[in-house]
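Undergrad: Sharing a structure with you now.
Read-outs throughout are calculated quantities, based only on the coordinates presented, and are distinct from any laboratory measurement. Being a predicted model, the structure only gives us computed values, none of them experimental. Here Cβ is always computed from backbone atoms with ideal geometry, including for glycine, and neighbour counts include all displayed protein chains.
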Amino acid sequence: MKLMVVGSGGREHALIKKLRENPAVETVYALPGNGGMEGEAVCVPVKAVDIPGLVDFACSHGIDFAVVAPDDPLVLGAVDALEEAGIPCFGPDKKAAIIEGSKVFSKELMQKYGIPTAACRVFDDMNEALAYIEEAPLPIVVKADGLALGKGVTVAFDREEARGAVIGAMQEKRFGKSGERLVIEEFLEGPEVSVLALTDGRTLVPLSSSMDHKAAWDGDKGPNTGGMGTVAPNPYYTEEIAARCMQEIFIPTIRAMAAEGRPFKGCLYFGLMLTKDGPKVIEYNCRFGDPETQVVLPLLGSDLLTLMQAVHDETLAEQAVCLKDGAAACVIMASQGYPLSYEKGFPIEIPEALHPYVIVAGAKKEGGKLLTNGGRVLGVCAQEETLEKAVETAYQRTEQIHFANACYRHDIGKRALAAKEK
Ligand code: AMP
Ligand code: GLY
């Protein structure tokens, strides 16, 4: 079979590694992929958001199945266009991808169907939003309605910061059209959990829970990033909480989407806050998380391609999905200065024996050498019987990988391990 994976980051590299476990897979094309995928995928220089380009490539190369991984092509309708051209795909269509594409949509969906989430108000007038900020309880969370490269959320601890977020989005147009409408919502407290679930619109199967580490520096300090490391499963997510989430959040969400005429097929990502009043949704993503995928897929004991095809065919209920015991950890090695400014173009040295555990995100191949080419350069993964051991192994491996200006957090999994000891 010939597969195509749309996207270029660590999530896509992790998906490609897992898809290749199926012996029927002959070739995987990555559009555009990255330099670290060599030997596992053929990288094709078509941008993920170039929808006519994706369709042309798929049709002219006899692609049997396509996986569209990033949010922007999904929200732009890449799956609709590929399916229309006769290419079976994994991923939600445009109508369903709006669950991530518009926070106003997702908040209204949750309110309408009684799915627990933070109380909020929606604004499309800046002065009204600013007036609300003056009287709202602090801290307060300001969110751009549309996609904003993961930068559209401000958790403001004082009014000045909240005003800045409103003005940045609505007057300075920091997020373009995405910030023309804002959701201003209640601050929730509690441990955060990510749950990635496969769903064909009727059946939903959660994969292992995970914990992301979004702050750039140790101790959860510093600016917000796309994620500096992950562990799975998340020890805060007990069986009891999982059962509650299934009943109060997951199933109601897919039923609500179906009832709205927007059945969701693909990977639905639930960003949850385990508050003292029970689990609540912070955000939905219409796709696999990055770097959650890097720890969740190694713990999947079933064949990923088979499950993705079942999602496409709406036969997920017939599949047995097996999750492995044990735990996984991923430490992100970034370029010093990320997520602000950083230099790139430095050679990366990875010992041969570690290749299976390294998921490459921001790197390119030049003259046969792998060079850093982004903020998050690579993820170093480990899977072991216990979380403690997985974290230890991931760090042992990290120490053997070298590039100039490399930096990483030293406390990935620390909070999860502390929770386990309680
Ligand atoms: P997002 O960019 O949507 O992933 O949000 C970034 C981060 O903001 C989340 O991972 C949370 O830590 C935080 N966040 C979002 N909404 C809330 C909320 N209502 N209360 C507290 N923290 C929040
Ligand atoms: N790791 C968070 C995300 O993928 O949105």
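Undergrad: Please give the contour-minus-distance gain from Glu134 to Leu149: 0.36 nm per residue of separation, less the Cα-Cα distance, rounded to one decimal in nm. It would help to have the intermediate numbers written out before the result.
TA: Working: separation 15, 0.36 × 15 = 5.40 nm, distance 2.78 nm.
So the extension gain works out to 2.6 nm.
Undergrad: Hey, another quick one. Return a whole-number percent for the relative contact order of segment 68-110, with Cα pairs under 8 Å and 6 or more residues apart as the contact set.
TA: On the way: 42 pairs, mean separation 15.9, N = 43.
Relative contact order of segment 68-110: 37 percent.
Undergrad: With +1 on each Lys and Arg Cβ and -1 on each Asp and Glu Cβ, how big is the dipole of segment 150-239 about its Cα centre, in debye rounded to the nearest 20? All intermediate terms of the calculation are to be shown ahead of the outcome.
TA: Numbers: 10 positive and 14 negative charges, 99 e Å.
Value, rounded to 20: 480 debye.
Undergrad: Can you compute the equivalent ellipsoid semi-axes for segment 185-251, i.e. the square root of 5 times each eigenvalue of the Cα gyration tensor, sorted largest first and rounded to whole Å?
TA: Listed largest to smallest, the semi-axes of segment 185-251 are 25, 14, 12 Å.
Undergrad: Moving on. Can you sort His61, His213 so the residue with the fewest Cβ neighbours within 10 Å comes first?
TA: His61, His213
Undergrad: I've got another one for you. For a quick check: sort Met246, Met228 by the number of other beta carbons within 10 angstrom, fewest at the front. Don't skip to the end; give the middle numbers.
TA: Numbers: Met246 15, Met228 29.
If I rank by nearby Cβ atoms, fewest first, I get Met246, Met228.
Undergrad: Now for a different question. Only Cα pairs under 8 Å and at least 6 apart count here; give the relative contact order of segment 190-310 as a rounded whole percent. Intermediate results must be reported in sequence, preceding the final value.
TA: Working: 209 pairs, mean separation 38.8, N = 121.
Relative contact order comes out at 32 percent.
Undergrad: Which length gain, in nm to one decimal place, applies between Asn22 and Gln247 when the Cα-Cα distance is subtracted from 0.36 nm times their residue separation?
TA: Numbers: separation 225, 0.36 × 225 = 81.00 nm, distance 3.26 nm.
Once the chain is fully extended between Asn22 and Gln247, it gains 77.7 nm.
Undergrad: Report relative contact order for the chain in percent, whole number only (criteria: Cα-Cα under 8 Å, sequence separation at least 6). Don't jump to the answer; show the numbers that get you there.
TA: Values: 979 pairs, mean separation 69.2, N = 422.
Contact order relative to length: 16 percent.
Undergrad: Further, regarding this structure: Excluding Ala156 itself, what net charge comes from residues whose Cβ is under 13 Å from its Cβ, given Lys and Arg +1 and Asp and Glu -1?
TA: Details: positive: Lys143, Arg159, Arg163; negative: Glu134, Asp158, Glu160, Glu161, Glu185, Glu186.
My count for the surroundings of Ala156 gives -3.
Undergrad: Let me ask something else about it. What FRET efficiency, computed as 1/(1 + (r/R0)^6) with R0 = 41 Å and r the Cβ-Cβ distance, is obtained for Glu352 and Lys276, rounded to the nearest 0.05?
TA: Numbers: r = 49 Å, r/R0 = 1.20.
Once rounded, the FRET efficiency stands at 0.25.
Undergrad: Placing unit charges on C-beta atoms (Lys and Arg positive, Asp and Glu negative, everything else neutral), compute the dipole magnitude of the chain about its Cα centre in debye, rounded to 20. Kindly include the intermediate steps, with their values, before the conclusion.
TA: Working: 43 positive and 59 negative charges, 65 e Å.
It comes to approximately 320 debye.
Undergrad: Based on other C-beta atoms within 10 Å, arrange Cys322, Cys407, Cys381 from fewest to most.
TA: Working: Cys322 10, Cys407 17, Cys381 29.
Fewest-to-most Cβ neighbours within 10 Å comes out as Cys322, Cys407, Cys381.
Undergrad: When all alpha-carbon pairs of the chain are counted, what percent fall beyond 30 Å? Walk me through the numbers on the way to the answer.
TA: Working: 36030 of 88831 pairs.
That fraction is 41 percent.
Undergrad: Work out the length of the dipole vector of segment 370-422 about its Cα centre, built from +1 on the beta-carbon of each Lys and Arg and -1 on the beta-carbon of each Asp and Glu, and round it to the nearest 20 debye.
TA: Values: 8 positive and 7 negative charges, 49 e Å.
So the magnitude is around 240 debye.
Undergrad: Report the local net charge at Cys322: Lys and Arg +1, Asp and Glu -1, summed over other residues whose C-beta lies under 14 Å from its C-beta. Provide the component values of the computation, followed by the final result.
TA: Values: positive: Lys18, Lys324; negative: Glu21, Asp303, Asp325.
With Lys, Arg at +1 and Asp, Glu at -1, the neighbours total -1.
Undergrad: With the crude spin-label approximation of a point 7 Å out along Cα→Cβ, what separation in nm comes out for Arg255 versus Arg163?
TA: Computed distance between label sites Arg255 and Arg163 equals 4.6 nm.
Undergrad: Do any chymotrypsin sites (Phe, Trp or Tyr not before Pro) in segment 146-243 lie in a loop, going by DSSP, with at most 13 other beta-carbon atoms within 10 Å of their beta carbon, and if so which? Could the numbers behind the result be given before it?
TA: Numbers: sites: Phe157, Phe175, Phe187, Trp217, Tyr236, Tyr237; in loops: Phe157, Phe175, Phe187, Tyr236, Tyr237.
Counting only loop positions with at most 13 other Cβ atoms within 10 Å, the chymotrypsin sites (Phe, Trp or Tyr not before Pro) in segment 146-243 are Phe157.
Undergrad: While we're on this one: Do the sum for the chain: with -39,500 (n - 2.57) for every DSSP H run of n ≥ 4, divided by all residues, what is the mean residue ellipticity at 222 nm, to the nearest 500 deg cm²/dmol?
TA: Numbers: 14 runs with 124 residues, N = 422.
It lands at -8000 deg cm²/dmol.
Undergrad: Picking from Met1, Val155, Ala327, whose Cα lies most toward the positive end of the charge dipole for the chain (charges on Cβ: Lys, Arg +1; Asp, Glu -1)?
TA: Val155
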